[in-house]
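No value in this document is a laboratory result; all are computed from the given coordinates. Given the structure is predicted, the values throughout are model-derived calculations rather than measurements. Methodologically, a virtual Cβ is constructed for each residue, glycine included, from the backbone with ideal geometry; neighbour enumeration extends over all protein chains shown.
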Amino acid sequence: MRVLLIFVDGVGLGEPHPTHNPFCAADLPTLTALAGGQVWTQDATHQQSERALFIPTDATFNVAGRPQSGTGQAAIVTGRNVPRIIGGHYGPKPDEATRAIIREGNLFIDTVNAGKSAALLEAYPPAWHHVIRRGKRLPSSYQLAAGSAGLRFFGEDDLRAGRALSGDWTGAGWHSELGYEDTPIITPYEAGQKLVALAREYDFAFFSHWLTDVVGHRGTLPQAVDLLVKLDAVMCGVLDAWDDTQGVVILTSDHGNIEAINHKNHTRNAVPTVVIGAEKSRFERVRDLSDIAPVIRDLLLHDQ
Ligand SMILES: [Zn+2]
């Protein structure tokens with residue numbers, strides 16, 4: 001049983017407002033189909049369609065304040081109620097208490113300890129490797145989780161060789177933001193297909209897309225619409241390539257943000273969890289972000 005977890009930062013289910021919520025302003029046929037024909041807003045309910053299970057998922061843990069990436073991602077990769085354990089939401093990078101929880105155990109460590117293979121599928125640029133190695137920048141919670149399992153972080157060579165995917169899906173950011181002229185650029189649909197091809201090489205594969213949170217903090221409605229249209233095409237590529245009998249694809253987020261483009265903060269909205277694959281019903285019991293990892297663990301470690 002294979003698991004591909006697609007993590008999108010800062011995507012929640014917000015008010016159905018076409019000028020505030022890009023999900024209501026964009027044409028998103030694949031995302032809508034994944035929610036059983038519903039637009040991704042707070043009105044969307046738990047749905048099971050032929051290909052997918054859609055679950056509005058609590059990211060607050062009944063802890064006051066706005067959910068943050070450090071604790072939210074940690075809950076996803078450890079399956080523990082991290083905001084409640086440390087007594088608050090913390091981020092964007094994990095604090096010391098959260099880092100200790102991540103190092104105690106997470107999906108990457110569990111997979112590797114069971115003799116199975118795991119990977120973080122993003123390619124990071126040389127500057128990122130440099131600052132992480134020198135301790136000038138803290139890894140995010142999911143990066144720390146992968147690193148604590150001894151996994152290698154992919155880089156420029158892996159991107160060029162097709163062993164990893166750019167965090168912006170297409171690789172266009174390596175040209176526009178990093179100054180490269182010759183690194184590969186693919187379409188969002190191809191990125192979805194590539195994600196599936198890469199995930200076939202591992203038992204557990206994780207991919208993080210963080211631009212959704214960046215646009216939620218600093219972007220405009222047209223920028224948010226543009227990004228969600230890309231996500232829709234990526235998921236179309238994923239759906240076309242994924243073999244439902246081989247495992248599950250899970251898409252989830254750590255907290256809301258982009259769904260309320262009228263303000264620049266995270267929200268306390270529920271986040272969408274989508275599960276694609278024949279075993280999707282196993283995720284029916286997911287209520288909050290800490291409920292996802294235990295089901296993945298069961299699928300990876302106890303099923304053949
Ligand atoms: Zn944020």
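Tabulated data for the structure shown
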| item | result |
| --- | --- |
| FRET efficiency, GLU201 to ASN62 (Cβ-Cβ, R0 41 Å, nearest 0.05) | 0.60 |
| Three-way shape label, the stretch 129-221, alpha-carbon gyration tensor, a/c 1.5 | rounded |
| Highest-fluctuation residue, ALA224, ALA52, ALA100 considered, GNM on the chain with Cα pairs under 10 Å | ALA100 |
| Of the GluC sites (Glu not before Pro) in the stretch 178-283, those whose Cβ has at most 13 other Cβ within 10 Å and which sit in DSSP loop | GLU181, GLU201 |
| Value at 222 nm in deg cm²/dmol, rounded to 500, when DSSP H runs of n ≥ 4 in the chain each add -39,500 (n - 2.57) | -11000 deg cm²/dmol |
| Choice from ASP254, ASP182, ASP240 showing the highest fluctuation, given a GNM over the chain with Cα pairs closer than 10 Å | ASP182 |
| Cβ-defined net charge surrounding GLU201, 11 Å radius [Lys, Arg +1; Asp, Glu -1] | +2 |
| Karplus 3J(HN,Hα) series, Hz, for the stretch 277-291 with 6.51 cos²θ - 1.76 cosθ + 1.60 (x for Gly, Pro) | x, 4, 8, 4, 4, 4, 8, 3, 7, 5, 10, 10, 4, 7, 7 |
| All-pairs alpha carbon distance profile, the chain, 20 Å steps from 0, percent | 36, 62, 2 |
| Sparsely packed trypsin sites (Lys or Arg not before Pro) within the stretch 99-185, loop by DSSP, other Cβ within 10 Å at most 16 | LYS116, ARG134, LYS136, ARG137, ARG152, ARG163 |
| Karplus (6.51, -1.76, 1.60) ³J(HN,Hα), θ = phi - 60°, over the stretch 145-161, in Hz, Gly and Pro reported as x | 4, 5, x, 5, 8, x, 6, 7, 8, 6, x, 4, 4, 5, 4, 5, 7 |
| Residue of ALA172, ALA75, ALA146 that the Gaussian network model of the chain assigns the largest fluctuation, springs spanning Cα pairs under 10 Å | ALA172 |
